[in-house]
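Inspection log for the structure reproduced underneath, given as structure tokens.
The values are calculated or read from the model by the stated rules, or taken from the named source; none is laboratory data. Since the structure is predicted, the reported quantities are computational estimates derived from the model, not experimental observations. So basically every Cβ, Gly included, is an ideal-geometry build from the backbone, and we count neighbours across all protein chains shown. To get the accessible areas, we keep the full protein, side chains included, count just its heavy atoms, and leave off ligands, DNA and RNA. Shrake-Rupley method; radii C 1.70, N 1.55, O 1.52, S 1.80 Å.
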Amino acid sequence: MEYDVVIVGAGPAGLAAAIRLKQLSPDLSVCLLEKGSEVGAHILSGAVVDPIALNELIPDWKEKGAPLNTPVTDDRFYVLGPKGALRLPNAFMPPLMSNHGNYAVSLGNVCRWLAQQAESLGVEIYPGFACSEVLYREDGSVKGVVAGVMGIARDGTHKPDYQPGMELLGKYVFIAEGARGSLAKQIISKFNLSEGREPQKFGIGMKELWEVRPEKHRQGQVTHTMGWPLGTKTGGGSFMYHLEDNLVSIGFVVHLNYTNPYLFPYMEFQRFKHHPMIADVLEGGRRVAYGARAITEGGFQSVPKLTFPGGVLIGCSAGFVNVPRIKGSHNAMKTGMMAAEAAFAALGAGREADELTSYEEAYRNSWVYQDLKRVRNVKPMWSKLGLIGGLALGGIDMWLNQLFGFGFGTWKHGKPDYATLKPAAESKPIDYPKPDGVLSFDRLTNVAFSATNHEEDEPPHLKLKDKNIPVNVNLPTWAEPAQRYCPAGVYEVIGDGSEARFQINHQNCVHCKTCDIKDPSQNIVWVVPQGGEGPNYPNM
């Protein structure tokens, strides 16, 4: 099947690109492929969205019924201790940190609505089509993808429902898979797109959706915290967004450059919910859904080259998250729109399969570039100076950039996240309280609330380059951290000593990609499973 533009991934970036292409020329053929069972299936409710890009893309979004129904009315920042909390005055925060004018939303529902707008313009959207392979022309340019391979058994044989997959070819291919996408990873490596950039940095974001008691619900209230339980040396923090209908989205982010292999991000999230300020909101409520996803955190210094022969990277495939704001959907949408405009101009000039260099130029002259540039030092300062020093100097740096357009230069990130762990022998084990089943839950119980689904009889989508490394290298050196960094209980070490073996429960996977990022031996490779699998987050 041949199209003018093939887009991989129906998140904010891919959908915005598709809409913008059809706005510019209704005659363009645009195909949008999504590995989830439906658009939004892999996006759990709960985000604060800056509508700046949506205002540009669809100025009458309110009249068209976009599900941005909860404007932020109360914006709070806290530093937590084990029992107490220090609220940071909003006046101390740079204006760029204000959420005034933003909306607390279900991002999954926003994407579902954007998909409706795209389809009404003639975009062809195919959910349940996982893109497993990049296709190249003889000259080396990207010409398309293979999608929809299904019906392969665990032993590699073809089951009765086998489908060989379909070649979807485009004059240009947009990669919009989100953080650490498998095709983006291949393309970035093949074309050396990260050359001269700092390593991309990541966090693991875990999120639960709760229905709370009406008397505890404060629609429009947005709370962010730092500090406990992570302490002052490990980066991360929390968010709590009061949505509609007594729903609260509560989440916890751990920066993946942590050094202690015994750190257990999921359990840090669970014990965080027992803080008196948080427990007061959740007690008497019920958990509705759970999910997890890697977040790009490298920002300005880590954005790779955005173009390659035959296509572009957009959204979190390139990494446009503003870390201190914990926002990326506005930048993702805008980059999709800029790429669409570059492709429209190229196609109109009779070009195809070349590099859309005008997209990179547009990015460098856009508000996305400025949005990332003025917060570029917050992440590396936190990593190098810890919570207190990083918070102080990072705040000053943001103020300087806000007021004068400059700060303390451009700090480097240093090591990639997989290289930051200390040996287990030099690290202190961490004793985590047992989940109580009321506010905190074990991993497997929570995974059930992600509605994740994978066929048992299929090739595992989590590949080991060397099956001996987990037990022979990772276990003695780092106490095999995969047992702890995975938020879904996919990885286990069964037995002790010479009887130890590494087990992969691939059916638990919620597609967060943390293993692909944090494995210190870089031995785990995440590839797409067959289409429509993974989490199925609720339409709420």
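Here are some notes:
- Checking each residue in the range 79-125 for being among the aromatic types (Phe, Trp, Tyr) and in contact with a Gly (Cβ under 8 Å, 6 or more places away or on another chain) picks out PHE92, TRP113.
- Scanning the range 293-320 for residues that are open to solvent by 10 Å² or more (accessible area, probe 1.4 Å) and part of a strand (DSSP E or B), we see that the one that is farthest from SER383 (Cα to Cα) is ARG293.
- Members of the range 494-507 that are assigned to a loop (DSSP other than H, G, I, E, B) and open to solvent by 30 Å² or more (accessible area, probe 1.4 Å): GLY495, ASP496
- All of (1) part of a loop (DSSP other than H, G, I, E, B); (2) open to solvent by 10 Å² or more (accessible area, probe 1.4 Å) hold for VAL510 with one exception: (2).
- Being in contact with a helix residue (DSSP H, G or I) (Cβ under 8 Å, 6 or more places away or on another chain), more than 14 Å from TYR172 (Cα to Cα), in a strand (DSSP E or B) and not hydroxyl-bearing (Ser, Thr, Tyr) is not true of ALA362.
- Within the range 13-46, tally of residues that are of a type outside the set (D, E, K, R), open to solvent by less than 20 Å² (accessible area, probe 1.4 Å) and either out of contact with any Leu (no Cβ under 9 Å at 6 or more places or on another chain) or in a helix (DSSP H, G or I) (or both): 10
- Test: residue in the range 266-273 that is in a helix (DSSP H, G or I), modelled with pLDDT of 95 or more, within 21 Å of LEU444 (Cα to Cα) and open to solvent by 30 Å² or more (accessible area, probe 1.4 Å): yes
- Scan of the range 424-474 for residues that are of a type outside the set (D, E, K, R), in contact (Cβ under 8 Å) with a residue 60 or more places away in the chain, under 19 Å from VAL493 (Cβ atoms) and part of a loop (DSSP other than H, G, I, E, B), ordered by number: SER427, PRO429, ILE430, TYR432, PRO460
- Test: residue in the range 222-237 that is open to solvent by less than 70 Å² (accessible area, probe 1.4 Å) and more than 28 Å from LEU385 (Cβ to Cβ): no
- Pairs with Cβ under 6 Å, 6+ apart, first in the range 216-235 and within 21 Å of GLY285 (Cβ to Cβ), second in a loop (DSSP other than H, G, I, E, B): HIS217/ASN246; GLN219/THR70; GLY220/THR70; GLY220/VAL72; GLY220/THR73; VAL222/VAL72; VAL222/ASN99
- Single residue of the range 140-164 satisfying the filter (open to solvent by 20 Å² or more (accessible area, probe 1.4 Å) and modelled with pLDDT of 95 or more) that is nearest to the chain's Cα centre (by Cα): LYS143
- Which numbered condition PRO324 fails, given (1) over 16 Å from PHE252 (Cα atoms); (2) not in a strand (DSSP E or B); (3) not small (Gly, Ala, Ser): (1)
- Lone qualifier among TYR258, TYR241 - being within 22 Å of ALA47 (Cα to Cα) and buried (at least 23 other Cβ atoms within 10 Å of the Cβ): TYR241
- Boolean, TYR491 is modelled with pLDDT of 95 or more, open to solvent by less than 30 Å² (accessible area, probe 1.4 Å) and more than 20 Å from the chain's Cα centre (by Cα): yes
- For GLU215, the criteria (1) open to solvent by less than 60 Å² (accessible area, probe 1.4 Å); (2) out of contact with any Ser or Thr (no Cβ under 9 Å at 6 or more places or on another chain); (3) at pLDDT 95 or above hold in every case but one, which is (1).
- Some residue of the range 177-194 being outside any loop (DSSP other than H, G, I, E, B), farther than 22 Å from PRO535 by Cβ and either open to solvent by less than 10 Å² (accessible area, probe 1.4 Å) or modelled with pLDDT under 95 (or both): yes
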